[in-house]
Amino acid sequence: MDKKMITVTVLLSAAVAGLTALGVVKYNQPETSPEVAQVAADGSSYRTVNLSQTDYPDLTFAAESAVDAVVYVEVTVRSQQQYLDPFFQYFFGQPQQRDQKGSGSGVIIRPDGYIVTNNHVVSGATKVSVTLNNNKTYDATIVGTDPATDVALIKIDAQGLPTVELGDSDKLRLGEWVLAIGSPLGAELRGTITAGIVSAKGRSMPSNSREFKIESFIQTDAAVNPGNSGGALVNKAGQLVGINTAIVSQTGAYSGYSFAVPVNIVKKIVGDLIDFGTVRRAKLGVTMGTVTDKIAQELKLSTTSGVYIDEVVKGSAADKAGIKHGDVVIAIDSTKIATAPALQEKVNSFHPGDETTITVIRDGKQKVLTVVFSGDAEKTGTVDADGSIAFYGSKIRTAESETLERLGLKKGVEIVSVGPGKLLDAGASEGFIIQYVNDQAVSKAEDVIDIAKKSRRTIYIEGISATGKASYITFGKDE
């Protein structure tokens, strides 16, 4: 497979032979700081550090307590040989399928066999096997994957396995020592431990891909190589603070910096995969950018810290919360937001339906708004817990008798909520009563769904708005 070239080469860990793996690591700061403020004779201030022997980093505990929870992951991917010249196919028949081997690393997070790794390590795999640090090998099943964060969860049939404690990646500080543990360059070097410091937080990487990504990487200078992907990044206390994912290198091997998915992102993804079998991702509904010096001057901001809101999607959670174009987000809940990756990471920690506060700067003043996060539009026909049915991004249900009586109607279907989708784009509003779909009378939500499914092209809806005005809605059906 060809490696993509940017200014430098960005490498993701291998799921098949020929791909490259990466890794990163970290540790947490001690409770007390040895820093002491001093004042010079001329009145200037400076800081000194008084380091005793015990203050120097001793990473032996972290290494020994975490290494047994890091495993070697081998995958089999079935690929099909391609013939560039059609004459080859004429003479040699149909292209043949063949198996390719790839490898990476993983981290045991539960003693009953749940293992975290990277999505790109197991993506497309027909077989996954895991070898523990004690040389025992198990077949593994893929529980779920999340390409947006490059996190995957696999499981082996075993009990009483060694695990690593999950830390708090938000508490990482620049310059902290961290350890990267994984299997660089294959099975022969599994359980390899390297050390580095936290070089940066909240990093995103250049990419030509148009796929939706959530990137707020931990950057370190720990030495990682192909095969480290999916391995552990641990702090000085031996706690997992990240999953090693990528390196930026001009050579394809360790000579640059490595990146890890913060464990606080991993916790949420893994929890969703175990509890729901899929990731339930909260959506804010904005396009955003960096607060430049020019924007800061125009908005009379005292700093360039924060996230500039360029556009708000109509009907989104942000729109309903009152967020507007030109707002600068500086906090979500009690967490300060300085960059777009930080905003993405924080929003990703919520589920659809969760409520929180967002602090923005508007017209030079701070404004606190309450937002209820939405989720991906459910497939039309999906029945919610409250009995409503998803319909092109919105929710409908059989209208209650009191509502019908108020509007002087005998039957109809109510639009109870409007979300991003075709219905909203066509001008629908909450409280609208659907009476006819494609000239056919409807009395319950299931009628609307059935008629819409049978429609070949256009869906034409007639009804009464919440204010009692006769209206219609029309939109093209998905092909």
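The values are calculated or read from the model by the stated rules, or taken from the named source; none is laboratory data. Keep in mind the model is a prediction, meaning the values are calculated, not measured. Here Cβ is always computed from backbone atoms with ideal geometry, including for glycine, and neighbour counts include all displayed protein chains. Protein only, heavy atoms only, side chains kept; ligands, DNA and RNA dropped before computing areas. Shrake-Rupley method; radii C 1.70, N 1.55, O 1.52, S 1.80 Å.
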When you scan segment 346-355, do you find a residue that is of a type in the set (A, V, I, L, M), touching a residue at least 24 places away in the same chain (Cβ under 8 Å) and open to solvent by 30 Å² or more (accessible area, probe 1.4 Å), even just one?
no
Of the residues 213, 236, only one is in a loop (DSSP other than H, G, I, E, B) and at pLDDT below 90; which?
213
Only one of 446, 430, 414 is farther than 14 Å from residue 392 by Cβ and under 32 Å from the mean Cα position of the chain (by Cα); which?
430
Would it be correct to say that residue 341 is more than 28 Å from residue 296 (Cβ to Cβ), outside any strand (DSSP E or B) and in contact with a Ser or Thr (Cβ under 7 Å, 6 or more places away or on another chain)?
no
In segment 452-474, what residues are open to solvent by less than 20 Å² (accessible area, probe 1.4 Å) and within 22 Å of residue 379 (Cβ to Cβ)?
452, 455, 459, 461, 473
Members of segment 394-440 found to be open to solvent by 10 Å² or more (accessible area, probe 1.4 Å), at pLDDT 85 or above and assigned to a strand (DSSP E or B), listed by number:
395, 397, 398, 414, 416, 435, 436, 440
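Look at residue 387 and say whether it is out of contact with any strand residue (DSSP E or B) (no Cβ under 7 Å at 6 or more places or on another chain) and farther than 14 Å from residue 447 by Cβ. Walk me through it before giving the result.
Values: out of contact with any strand residue (DSSP E or B) (no Cβ under 7 Å at 6 or more places or on another chain): no; farther than 14 Å from residue 447 by Cβ: yes.
So residue 387 does not fit the description; no.
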Over segment 216-227, the set of residues modelled with pLDDT of 90 or more and either out of contact with any Phe, Trp or Tyr (no Cβ under 8 Å at 6 or more places or on another chain) or closer than 19 Å to residue 104 by Cβ (or both) is 217, 218, 220, 222
Residue hits (segment 106-121; closer than 15 Å to residue 183 by Cα and either open to solvent by 10 Å² or more (accessible area, probe 1.4 Å) or not in a strand (DSSP E or B) (or both)) are 121
Say whether the condition of being part of a loop (DSSP other than H, G, I, E, B), touching a helix residue (DSSP H, G or I) at 6+ places or on another chain (Cβ under 8 Å) and over 23 Å from residue 313 (Cα atoms) is met by at least one residue in segment 472-479.
no
Within segment 242-251, is there a residue that is farther than 30 Å from residue 58 by Cα, touching a helix residue (DSSP H, G or I) at 6+ places or on another chain (Cβ under 7 Å), part of a loop (DSSP other than H, G, I, E, B) and modelled with pLDDT under 90?
no
Could you tell me whether any residue of segment 298-311 is on the phi > 0 side of the Ramachandran plot, among the small types (Gly, Ala, Ser) and surrounded by 22 or more Cβ atoms within 10 Å (Cβ to Cβ)?
yes
Scanning segment 441-451 for residues that are open to solvent by 30 Å² or more (accessible area, probe 1.4 Å) and within 20 Å of residue 469 (Cβ to Cβ) gives 441
Every residue in segment 130-159 that is under 10 Å from residue 71 (Cβ atoms), open to solvent by 10 Å² or more (accessible area, probe 1.4 Å) and in a strand (DSSP E or B), please.
131, 137, 138, 140
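Condition check: within 30 Å of residue 457 (Cβ to Cβ), crowded, with 16+ Cβ neighbours inside 10 Å, in contact with a helix residue (DSSP H, G or I) (Cβ under 8 Å, 6 or more places away or on another chain) and in contact (Cβ under 8 Å) with a residue 12 or more places away in the chain. Does residue 358 satisfy that?
Details: within 30 Å of residue 457 (Cβ to Cβ): no; crowded, with 16+ Cβ neighbours inside 10 Å: yes; in contact with a helix residue (DSSP H, G or I) (Cβ under 8 Å, 6 or more places away or on another chain): yes; in contact (Cβ under 8 Å) with a residue 12 or more places away in the chain: yes.
For residue 358, the condition - within 30 Å of residue 457 (Cβ to Cβ), crowded, with 16+ Cβ neighbours inside 10 Å, in contact with a helix residue (DSSP H, G or I) (Cβ under 8 Å, 6 or more places away or on another chain) and in contact (Cβ under 8 Å) with a residue 12 or more places away in the chain - is not met.
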Sole miss for residue 334 among (1) out of contact with any strand residue (DSSP E or B) (no Cβ under 6 Å at 6 or more places or on another chain); (2) modelled with pLDDT of 90 or more is condition (2)
